Amino acid sequence: MNKVFDRYASFIFFLLGVGFMWMSTTISASAYGSTVGPNIFPFGLGALLVLLSIRLFYEVLKSKDQQTKGEKLDYKKFLLIFTAAALYAIFFEYIGYIIGTFLFLLFSFQVLERGKIVKSLIISGLFSVGVYVIFVVILEGSMPGFPSWLS
Amino acid sequence: MDTLQYLADGFSTALQWHNLLFAFIGVLIGTAVGVLPGIGPMSGVALLIPITASITGGLGPEAAATSSIILLAGVYYGAMYGGSTTSILLNTPGESSSVVTTLDGYQMARQGRAGPALAIAAIGSFIAGLFALAMLIILAKPLSNVAIMFGPADYFSLMLLGLCAVSGLAGKSITKALIMTIFGLLLATIGMDTVSGVARFTFDIPVLYSGLEFLTVAVGLFALGEVFKTILENDYGGGRIAKIGRILPTKQDMKDSAGPIARGSLLGFFIGILPGAGATLASFFSYITEKKISKKPETFGKGNIAGVAAPESANNAASGGAMIPLLTLGIPGSGTTAILMGALIMYNIQPGPLLFDEHPQVAWGLIASMLIGNLMLLVLNMPLIKVFAKVIATPPKYLIPIIVAISIFGVYAVQVQRFDLLLLLGCGVAGFFLTRNDYPLAPLVLGLVLGPMIENNMRRALTTSNGDFMIFLQKPLSAVFLIIALLWLIVPILMKKRGKQVVINEEG
């Protein structure tokens, strides 16, 4: 249990609840043939979320400060891999599946453990080409294989 | 006799060669998922939805749905078999429903009886699986006949009951579980309203009109969340694997575990039917029961074979029992069944009382294939157990990036837009931080899946009553469901107040 996280979470959920309530007042209040419109469900849920977040806030206030989990998080490796994954996702359509996957896998393997570059090269190459062949060639799915400016 | 006829039809579906293949792939991957620590049944099933969707692309809509649900269900119950392997050999449970198995299983392995422990786990799972399926076959039709008489108000209250049950048992804090449920329901409202066609919370962004895709959110929260956890906690060192030795259990072993298997199957099945209580709870309860009725309770925790047989039978029976509310009522009782339901809805097949009438091929095909799948699992887990023990040795540093790549590939193959890839990564980060701080994810997914149905039934009920909310209390069935739902939330709170420990279901 992390009190700081819980406190922030209760604020965020409170704001989300208010936001959903406020936004749902702009939705029309009735549907054709019914007095019950599309606004009532999200409005009610938003209200519940607000109530629950207040309750969470009080629970956090009341709870004693428990010790947080001892182990240190390895943010460096995570950020490296996450950034790589984000770049992979953003440029997926430009560089195509095979090149993107190959680069992403190679980079991540090396982040998790340096060295054994040949093995990393082989596994990432086999995986990216293999999946592409199975999916596009055999199953005839559609996936941008190579960048459009290359073929 | 009707049921037998349907079952025969089901077998003719399940025995088509491609469905046999799908069932086999499903249970094979399921066993691997169970064996590999770090991927639970939920993330395994979520990860495979997009892949099955692309494999079955060439089939007709109903056949495609049948084949993919056969595969996905195979992953689900296959994981229940596989989870025992690491518990026994490594003392690390492959998934949460095998936590209790470590107590006696690992001790048995240290005494050189790993083989019989694994074998009993497989045999117990098999018997329990058959039992749960037999009950499913007997109960499916009558239950769906009852459920068909439910009106919208009854349905609304029943689904509310399902949500409350899952939230009440889902984590350390009920408040947090409820917040996640409501949040899931709210996320489900994003997009075009199915009744009136009004766009809600879309901010005129085109990709939001179709709503947040369930698949993307589930894969992100579960699969990527767990991967990020492994990276952040630097948790990819291997352990020492115990030697397996001879596999076949002795006559004495069989005699000792016959009772626990039978009791575990019964108990597991009924716990599995209850919404919110899943395989994890079932395995805990059956272990405690065995310890209580045993003549030598002191041998538990020191390698008593009953301590392996009972929980392993119970968790498999529970996964079979959990299919009952999903198939007959259309209400998933746990995170994994919620994901299965999401998969069925993706194929435009609505689980529920009408499923057995409208899509008998899907329902009975699935049931028949589960019978075949359990048989396959017995074969896979007895002679081939040594092969699977090798799977444990897969270096996680290769596995982790590959899971990320599969997630991205799978989501893109189905959604074909960049927005979903970014949403996927966002959900992965959210999934990690939420679970780390005890916000359970299963209620969120359940809310996301049930959201549109709850809302539609509520609005339908309110339309008939002209906006009067009392309709939910005036209909007797609905009132009963609401009262049970309320009790489900209040009783655990009261028990905690009185200082009793409440067993919670971490698997969801």
Residues (assigned to a helix (DSSP H, G or I) and free of Cβ contacts under 8 Å to residues at least 60 places away in the same chain) located in the stretch B:307-336: B:Leu326
Test result for A:Phe43, assigned to a helix (DSSP H, G or I), at pLDDT 90 or above and within 7 Å of chain B (Cβ to nearest Cβ): no
Selection status of B:Gly365, farther than 30 Å from B:Thr250 by Cα, touching a helix residue (DSSP H, G or I) at 6+ places or on another chain (Cβ under 6 Å), of a type outside the set (Ser, Thr, Tyr) and buried (at least 23 other Cβ atoms within 10 Å of the Cβ): yes
Single match in B:Met180, B:Met149 (criterion: surrounded by fewer than 21 Cβ atoms within 10 Å (Cβ to Cβ) and either in contact with a Ser or Thr (Cβ under 9 Å, 6 or more places away or on another chain) or without any contact (Cβ under 8 Å) to a residue 60 or more places away in the chain (or both)): B:Met149
Test set (1) touching a Lys or Arg at 6+ places or on another chain (Cβ under 9 Å); (2) open to solvent by less than 60 Å² (accessible area, probe 1.4 Å); (3) more than 9 Å from chain A (Cβ to nearest Cβ) - B:Arg436 fails condition number: (3)
Among (1) modelled with pLDDT under 85; (2) under 26 Å from the mean Cα position of the chain (by Cα), the one test that A:Ala31 misses: (2)
Single residue of the stretch B:450-468 satisfying the filter (buried (at least 24 other Cβ atoms within 10 Å of the Cβ) and of a type in the set (A, V, I, L, M)) that is nearest to the other protein chains (Cβ to nearest Cβ): B:Met458
Among residues of the stretch B:181-218, those that are touching a helix residue (DSSP H, G or I) at 6+ places or on another chain (Cβ under 8 Å), of a type in the set (Val, Ile, Thr) and assigned to a loop (DSSP other than H, G, I, E, B), counted: 4
Residue check, B:Met382 more than 30 Å from B:Gly426 (Cβ to Cβ), out of contact with any Pro (no Cβ under 6 Å at 6 or more places or on another chain) and either at pLDDT 85 or above or of a type in the set (S, T, N, Q) (or both): no
Sole residue being within 30 Å of B:Ser12 (Cβ to Cβ), touching an Asp or Glu at 6+ places or on another chain (Cβ under 8 Å) and not in a loop (DSSP other than H, G, I, E, B), chosen from B:Ala65, B:Ala79: B:Ala79
Extreme residue, farthest from B:Gly44 (Cα to Cα), among residues of the stretch B:413-425 that are open to solvent by less than 10 Å² (accessible area, probe 1.4 Å) and touching a residue at least 60 places away in the same chain (Cβ under 8 Å): B:Asp420
Residue tally, condition among the aliphatic types (A, V, I, L, M), over 19 Å from B:Asn381 (Cβ atoms) and either buried (at least 23 other Cβ atoms within 10 Å of the Cβ) or touching a residue at least 40 places away in the same chain (Cβ under 8 Å) (or both), over the stretch B:1-38: 3
Of all residues in the stretch B:374-421 being polar (S, T, N, Q) and under 14 Å from B:Thr85 (Cβ atoms), the one that is nearest to the other protein chains (Cβ to nearest Cβ): B:Thr394
The stretch B:184-206: number of residues that are open to solvent by 40 Å² or more (accessible area, probe 1.4 Å) and either touching a residue at least 60 places away in the same chain (Cβ under 8 Å) or more than 10 Å from chain A (Cβ to nearest Cβ) (or both): 5
Test: residue in the stretch B:296-304 that is over 14 Å from the mean Cα position of the chain (by Cα), surrounded by 22 or more Cβ atoms within 10 Å (Cβ to Cβ) and touching a residue at least 24 places away in the same chain (Cβ under 8 Å): yes
Residue ID - most open to solvent (accessible area, probe 1.4 Å), chosen from residues in the stretch B:486-500 that are within 14 Å of chain A (Cβ to nearest Cβ) and hydrophobic (A, V, I, L, M, F, W, C): B:Ile493
The one condition in (1) farther than 28 Å from B:Ser96 by Cβ; (2) assigned to a helix (DSSP H, G or I) that B:Phe150 fails to fulfil: (2)
Meets criteria (among the aliphatic types (A, V, I, L, M) and either surrounded by fewer than 17 Cβ atoms within 10 Å (Cβ to Cβ) or at pLDDT 85 or above (or both)) for B:Leu274: no
From the options B:Thr101, B:Thr85, residue that is under 23 Å from B:Ser334 (Cβ atoms) and out of contact with any Ser or Thr (no Cβ under 6 Å at 6 or more places or on another chain): B:Thr85
Hey, B:Pro41 surrounded by 23 or more Cβ atoms within 10 Å (Cβ to Cβ), within 14 Å of chain A (Cβ to nearest Cβ) and closer than 21 Å to B:Glu226 by Cα or not: no
Residue check for B:Ala140: at pLDDT 90 or above, within 21 Å of B:Gly352 (Cα to Cα) and either assigned to a helix (DSSP H, G or I) or not polar (S, T, N, Q) (or both): no
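The values are calculated or read from the model by the stated rules, or taken from the named source; none is laboratory data. Treat the numbers as computed from the prediction; the structure is a model and nothing was measured. Note: ideal-geometry Cβ built from the backbone for every residue, glycine included; neighbour counts use all protein chains shown. Heavy atoms of the whole protein, side chains included, go into the accessibility calculation; ligands, DNA and RNA do not. Shrake-Rupley method; radii C 1.70, N 1.55, O 1.52, S 1.80 Å.
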